[in-house]
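Chemist: Pasting a structure below so you can have a look.
Since every read-out is calculated from the coordinates, none of them should be taken as a lab result. Just so it is clear, the structure is predicted and the values come from calculations on it, not from any experiment. Cβ: placed from backbone, ideal geometry, glycine included. Neighbour counts: every protein chain shown.
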Ligand code: PHE
Ligand code: ALA
C-alpha cells in the first residue's frame, strides 16, 4: 500500500460510512462505554482499597477472619521485615495494581489461540463482577483480588484489540479512535472516586465495592447488547480467519519478526515511561499531601483529589490533540507513532522539570497547588502522546494471529513499570526532592532519546506508521 492511499483517508470525515458517529463506527462507542464502566469499577475499587485495608480489614479482630491473611503477611514479612498495617497495605496495593497488568498477556494468548476475543472478554467480565461482589465478604478479600486480577487479564487487552479491529489496515482514523477510547477509560476513572469513593467512605465499604460491581455489570451489558456493532472490519476478519488455527503451523515471516522485535523494544522503553509516570499515585501524591497547600477560602480540599487532575486533563485535551493531529495530517506533517511516543517521554521529562522548580521553590514548606496542576497538565499531554498511540500501534503492526498477546505484552510493560515506580519511590526520602525529581526527568529523557534513536530502524520494521 502506498503512502498516498493511506493519507487519502487520513481524515476521518473523508471516509464516512452510514451510521458513523463523529466520523467513527458505532462499535467504537460501544467499546468506549464498555471500557468506561469497567474502568469505573476498577478505579472505584482501587480508590477505596488502601483505606479499606488500613482503616478496617487489617484491624486485628477483623484480619483474623480473612482467608490467607496470615500466610500472605508472613510471606511479605519474610521478604521485607515486619510490616505495620500501613506498609503492609501499600505492598498489597502495589502487588495488586502490578498483577492486574501481568495477566493480560495470558488473556491475550487465550483469546488468540482458543476462545477468540469476545468469549474471553465475557468470561473476564463475569470474573470481575464476581470479584467485586466478593469484596463484600471480608473473609474472601484475597480471593476477590484474585478474581479481579484474572478477570482483568481476560478483559482488558481484548477490548483494546477490538477497537483496532474496527478499522481497515491503513485507516489513519485509528490513532484518533484510540484517543476517543482513552477518553472512555478516563471518564470512568474520573467518576469512579466520586461514586465508589463517596459511597465507600460515607455510607459503608460494601456500598462502594458494590457500586464497582454494578458498574462492571453495566459494562458487560453494554458489551453484550452492542455485539452487532463491534464486528471486525471485513479485512481484519478475513486476516483472522485465514490465520485461525494456524498459529503453530505458520512460521512468522521476516517482516512479522521484525515488527514483533520492534514492539518488544518499544515495550521495554515503555517500562521507563510508566515507572516515572506512576509516581503520580506514589511520591507525587506524597508531595501533594505534605508539601501542597489545599486550603481554599478556609476549606481544605482532600489531597487525594489530586488523582482526578489527570483524567480531567485527558478529557479536556484529547479532542484538542485529535484536531491538532488532523491538522498536521492534512499538511502531511503528522508525526509517526514512534515520534509521538518519543515526544510523550520528552513531555514527561518536562513535567518533572517543573517538579524540580516546585521543589526548589517550596523548600520544606507547602507550595501552591498550581505546581501540581501545571505538572499534571504537561504529564497528561505526554501520556496522550504515548499511551493511546501505543495501543493503536500494537493493533496496526502486530501479526493478526497474535495481536491480543502483543496487546498483553504492552500491558506487561505497565506491570514492570508499576514495579519500577515502587522501587524508584523508595529513594524519595533519602534524596533531596529536587534531585529525586531530577532523576525522574533524566530517566524520561533517556527513554525519549532511545525511542527517537530507534525511530529509523523501527520505522522500517513497523512500516510507515
Ligand atoms: N490509565 C489507562 C488505563 O487504566 C492506561 C494505562 C493502563 C495506564 C495501564 C497505565 C497502565 O487503562
Ligand atoms: N490516565 C489513566 C488512564 O488512562 C487514569 O486510565
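Chemist: Considering only C-alpha atoms, what is the centroid distance from region 257-275 to region 438-453, in Å?
Modeler: 14 Å
Chemist: Residue separation times 0.36 nm, minus the C-alpha to C-alpha distance between residue 114 and residue 296: what's the value?
Modeler: Here the answer is 60.0 nm.
Chemist: What is the distance in Å between the Cα centres of region 177-210 and region 103-130?
Modeler: 23 Å
Chemist: For a quick size check, give me the Cα extents of region 40-124 along its three principal axes, largest first, whole Å.
Modeler: For region 40-124, the Cα spread along each principal axis is 45, 28, 20 Å.
Chemist: Over 25 Å apart: what share of the alpha carbon pairs of region 325-465 falls there, rounded to a whole percent?
Modeler: Here the tail beyond 25 Å accounts for 37 percent of pairs.
Chemist: While we're looking at this one, here's another question. Residue 130 to residue 360: extension gain in nm, 0.36 nm per residue of separation minus the Cα-Cα distance?
Modeler: 78.0 nm
Chemist: Going by alpha carbons, how many degrees (0 to 90, nearest 10) lie between the helix axis of 26-52 and the longest principal axis of the chain?
Modeler: That helix lies at roughly 20 degrees to the long axis.
Chemist: Based on the Cβ-Cβ distance from residue 327 to residue 442, what FRET efficiency comes out when R0 is 22 Å, to the nearest 0.05?
Modeler: 0.10
Chemist: Assuming R0 = 51 Å, what is the FRET efficiency of residue 432 and residue 238, from their Cβ-Cβ distance, to the nearest 0.05?
Modeler: For R0 = 51 Å, the calculated efficiency reads 0.30.
Chemist: Ranking 403, 100 by Cβ neighbours within 10 Å, fewest first, what do you get?
Modeler: 100, 403
Chemist: Angle check, please: helix 173-192 long axis (alpha carbons) against the longest principal axis of the chain (alpha carbons), in degrees 0 to 90, nearest 10.
Modeler: 20 degrees
Chemist: Based on other C-beta atoms within 10 Å, arrange 96, 385 from fewest to most.
Modeler: 96, 385
Chemist: In whole angstrom, note down how far apart the Cα centers of region 329-370 and region 21-78 are.
Modeler: 29 Å
Chemist: Take the Cα radius of gyration of region 214-320 and divide it by 2.2 N^0.38 Å, with N its residue count; two decimals is plenty.
Modeler: So the Cα radius of gyration is 1.74 times the expected 2.2 N^0.38 Å.
Chemist: For residue 252 and residue 56, FRET efficiency with R0 = 60 Å and r from the beta-carbon atoms, rounded to 0.05?
Modeler: The pair residue 56/residue 252 has a calculated efficiency of 0.75.
Chemist: May I pose another question? Percent of Cα-Cα pairs per 5 Å bin, from 0 to the last occupied bin, for region 337-394, please list those.
Modeler: All Cα pairs, binned at 5 Å, distribute as 5, 21, 24, 17, 13, 9, 7, 4, 1 percent.
Chemist: Moving on. Send over the Kirkwood Rh of region 407-465, from the inverse of the averaged 1/r over different Cα pairs, rounded to one decimal Å.
Modeler: About 13.7 Å, per the Kirkwood formula over Cα pairs.
Chemist: Taking N as the number of residues in the chain, what is its alpha-carbon radius of gyration divided by 2.2 N^0.38 Å?
Modeler: The value comes to 0.97.
Chemist: Would you mind checking the tilt of helix 116-134 against the longest principal axis of the Cα atoms of the chain, expressed as 0 to 90 degrees and rounded to 10?
Modeler: It is inclined by approximately 10 degrees.
Chemist: Something else now. Can you compute the helix-only [θ] at 222 nm over the chain? Use -39500 (n - 2.57) per DSSP H run of at least 4 residues, normalise by all residues, nearest 500 deg cm²/dmol.
Modeler: Mean residue ellipticity at 222 nm (helix-derived): -24000 deg cm²/dmol.
Chemist: Let me ask something else about it. Among 325, 294, 205, which comes first, then next, by fewest other beta-carbon atoms within 10 Å?
Modeler: Fewest-to-most ranking of 325, 294, 205: 294, 205, 325.
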